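The values are calculated or read from the model by the stated rules, or taken from the named source; none is laboratory data. All values derive from a computational prediction rather than experimental measurement. Reconstructed Cβ throughout: ideal geometry from the backbone, glycine too, with neighbour counts over all protein chains shown.
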Amino acid sequence: MTERAAERGREPAAEGGRERAAEEGGRERAAERRRAPLLDVSGLSVAFPDAGVEAVREVSWQVRPGETVGLVGESGSGKSATGLAVLGLHGPRARITGSIRLDGRELVGAGERTLRGVRGRRVSMVFQDALDALNPYRTVGAQIAEAYRLHHDVKRSEARTRAVELLERVGIDRPERRAKEYPHQFSGGMRQRVMIAAALVNEPELVIADEPTTALDATVQAQVLELLAELQREMGMAVVLVTHDFGVVGQMCSRVVVMYRGRVVEQGPTERILTAAEHPYTRALVASVPRMDDIPGTRLATVPETVAALVGPVDEESLADPSLRIAGVEDGGPGRGPGGGAGAESPKRGPEAASPERGDGVASPERGDGAEPRFGKGRGGGDTPLLRVRGLGVSYPGALGRPPLRAVDGVDFDIAPGESFGLVGESGSGKSTISRVLLGLQRAASGSVLFDGEDITRATRRRRRELAAGIQMVFQDPYGSLNPDRRIGDTIGAALPRGAARRERVAALLTEVGLDPELAGAYPDRLSGGMRQRVGIARALAPEPRLLVADEPVSALDVSVQAQVLNLLTQLRRDRGLAMLFISHDLTVVRHMCSRIAVLRHGRIVETGDREQIMERPDSHYTRALIEATPSLRRPA
């Protein structure tokens, strides 16, 4: 064979080799792109000089294509400020330094034209409050279509068709008809689905979801999170989930970034963060979450005491230092117990270290086992409930000639003196309507409510005012329930006689709920959410009630503040012998607080029973669905 023939024989092999090499090179480049961060935040700081606030300080973290990262921390930690900085939404008053690179392109200092090309097209945002984020004067279809037309040169009809497609994709029934409706015509869960549709209409590479399920019921939250995960898998997008809910983090995220006072104190795989965190603040946050395996009624760990137990006293500035670690971590020392994290022994969640709270940390001698009375001595003598509700019905007038809406229908339950009774249900189930009847704020259409043997539904207005001292309420919203123009002392002492005795009583109440008596002269805007809720509790205690109605008292609070308020309510109930009606959609919290539970759906009680029976052996399919929808700290397999 000649050399030319030999070369011709080698040419096909060489060409095949080049093709294979090119193919392998393409796969390597694709793999490298997957390994490279889609979003790279490095040394980011966000300050508001006019207000003297440093919201974010030298923050660094990354998100890779298709990844879900949880951005976790309490209110004021800088989570939302970081998310808004990525999209350049802070405005000219903010001073932003550091670097934010999207697929290698720098966004810090980029012009508005560049940022408009990124917002909604490559990076979109799902906001916390869909009712505020959506325009009340425009149909939801028009708002989604507008988001699409901003980035695509299409006709209005094509954009409307695209909006309907997305509404159908996020699970909205009859999307063509509902696209023509306004935000107020949708429930909270449906509005959040509309927000997700608007965020995904342009198929972005990254979605920043800022507390997308905070205000939603457990089953609706589960549906929204499942939808978000399904759409992520389908579209291949990355997600940054901004939240303070570790249950949601455990369910959704592969990695977690923990923020405190504007700094990142720890980041890593979700499993390690939830079970073996290295930073004491992270350990404290995880420890403060009520769990289904906790001993009910025991004291919940709170962030300050847990940090002090792990590393000793530290100030807030040093706690924010990410170099702060628990002794023994770096050298593989002791303390890596099951689920306990690193370093010193994890705060125990059992009777030996978390006995029922009485302020001194000692178990109550009267009820050291956490049991509660089922009956007590009523006003008329004998074993009678403090509160007896029978056949309670409440109706609201129907709109435009429609029949009345039956909000509560034939509800029965009893509460014994000193008992903590839980009322669980989703939004619209009638929970708050029942509480308003108990306080005389809503008239019952049928049935009776006996408080200490007297039917308050048939009492005169004067007698109802006299009975009001016996039943007091702690409201859901610590911001909206306090008059911003009244001093704290005036709010707490409104039901007390004026004079020196009133001032002394207000000071004593502030001390009892863990606040400085000097705050009596302050206005609500000086107080945090947790402090405002303590003021609301003090106001409710001022008339010396026998029954406390707590309507979603911790749903608007961070998890660490939630633990403090739940501990306070438990201590006050036991020290004062208070009965409590605890209303919530969070079964984990209700299980922790209540000895008996009633489950409410569409205005009717579907089952009532002891805590163990309801949580472990529920009779109703609806109750089982609520329990299954409750997020867990453990990542699903």
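Here GLU205 meets the list (1) over 18 Å from VAL123 (Cα atoms); (2) over 18 Å from the mean Cα position of the chain (by Cα) almost entirely, failing just condition (1). The residues listed here are VAL126, VAL56; of these, the one that is touching a helix residue (DSSP H, G or I) at 6+ places or on another chain (Cβ under 6 Å), of a type in the set (A, V, I, L, M, F, W, C) and within 30 Å of TYR182 (Cβ to Cβ) is VAL126. In the set GLU106, GLU32, only one residue is of a type in the set (Asp, Glu) and at pLDDT 90 or above; that residue is GLU106.
Against the definition (touching a residue at least 60 places away in the same chain (Cβ under 8 Å) and among the aliphatic types (A, V, I, L, M)), how does LEU548 come out, yes or no? So LEU548 passes the test. State the number of residues belonging to region 508-528 that are crowded, with 18+ Cβ neighbours inside 10 Å and of a type in the set (Gly, Ala, Ser). So the count comes out to 1.
Report whether or not LEU541 is closer than 14 Å to GLN476 by Cα, in contact (Cβ under 8 Å) with a residue 12 or more places away in the chain and of a type in the set (A, V, I, L, M). So LEU541 fails the test. Going through (1) charged (D, E, K, R); (2) buried (at least 20 other Cβ atoms within 10 Å of the Cβ); (3) over 24 Å from VAL59 (Cβ atoms) one by one, GLU278 falls short only on (3).
Residues of region 437-475 that are surrounded by fewer than 19 Cβ atoms within 10 Å (Cβ to Cβ) and closer than 23 Å to ASP586 by Cβ: LEU439 alone. The single condition among (1) surrounded by 23 or more Cβ atoms within 10 Å (Cβ to Cβ); (2) free of Cβ contacts under 8 Å to residues at least 60 places away in the same chain; (3) not in a helix (DSSP H, G or I) that ALA163 does not satisfy is (3).
This table checks each residue for (1) outside the structural domain of GLY430 (by TED's automatic domain parsing); (2) outside any loop (DSSP other than H, G, I, E, B).
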position: ALA468; (1), (2): no, yes
position: GLN476; (1), (2): no, no
position: ALA508; (1), (2): yes, yes
position: VAL535; (1), (2): yes, yes
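Mind checking whether some residue in region 447-467 is touching a residue at least 12 places away in the same chain (Cβ under 8 Å) and within 30 Å of the chain's Cα centre (by Cα)? There is no residue in region 447-467 that is touching a residue at least 12 places away in the same chain (Cβ under 8 Å) and within 30 Å of the chain's Cα centre (by Cα).
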